[in-house]
Amino acid sequence: SADTKITSRFGLFYSSKTLLLGASLFHPFEPIFRLEFMNSTYQFSRLYNLHGSYKFYLDNNNSLSPELIVFANRQANFTLFNLKWNRLDKTVCGAGVKVLPGVQTNYASNVSFGYHAFNKFYFGAACEYFFRNFSWKHAFAAELMVRYELKKSSLDCKKS
């Protein structure tokens, strides 16, 4: 069976030419988020994350960014490791692995694609494949994202 849920995420981040640090909050308006999968109901409380990445320039047009994202709620935490390729600071492609600790450690792999448009927007898509118990069906998740960036104009930063 398939189920569609819409949730929200709000956050702040600092970025420079090579470094990105941020924090965000999932489900800010809904303290308990319920997901039904294979006749089971999973409940997630508000989810917090810390994000860090560093950009290594390969040449003037291409860069690689390893990133680490740590998610936590009241019950547990999990870690996401990604490697992203960036072309001209516009097109982003990435792949990674998520480690979900528990009684038996589970893993998920992901791929993502994104595009910066109009100097303020970022459009992205990602899919994730969970490796749970190899004797039954694997879970699959997909995500679409739109981000609007609040940036100061370079004219606002000039001293007169």
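List of remarks:
- Filtered residues of the stretch 5-37 (kept if at pLDDT below 65, open to solvent by 100 Å² or more (accessible area, probe 1.4 Å) and aliphatic (A, V, I, L, M)): Ile6
- Consider the stretch 91-148 and keep the residues that are modelled with pLDDT of 80 or more and assigned to a loop (DSSP other than H, G, I, E, B). The one that is surrounded by the most Cβ atoms within 10 Å (Cβ to Cβ) is Lys120.
- Just one of (1) exposed (fewer than 14 other Cβ atoms within 10 Å of the Cβ); (2) in contact with a Cys (Cβ under 6 Å, 6 or more places away or on another chain) fails for Trp85. It is (1).
- Tally of residues being of a type in the set (D, E, K, R), touching a residue at least 12 places away in the same chain (Cβ under 8 Å) and part of a loop (DSSP other than H, G, I, E, B) across the stretch 46-82: 3
- Filter result (in contact with a Ser or Thr (Cβ under 8 Å, 6 or more places away or on another chain), surrounded by 14 or more Cβ atoms within 10 Å (Cβ to Cβ) and farther than 18 Å from Leu19 by Cβ) within the stretch 62-82: Phe71, Asn73
The values are calculated or read from the model by the stated rules, or taken from the named source; none is laboratory data. Here the structure is a predicted model, which means the values were calculated and not measured. As a convention, Cβ positions derive from the backbone with ideal geometry for all residues, glycine included, and neighbour counts pool all protein chains shown. Accessible surface areas use protein heavy atoms only, side chains included; no ligands, DNA or RNA. Shrake-Rupley method; radii C 1.70, N 1.55, O 1.52, S 1.80 Å.
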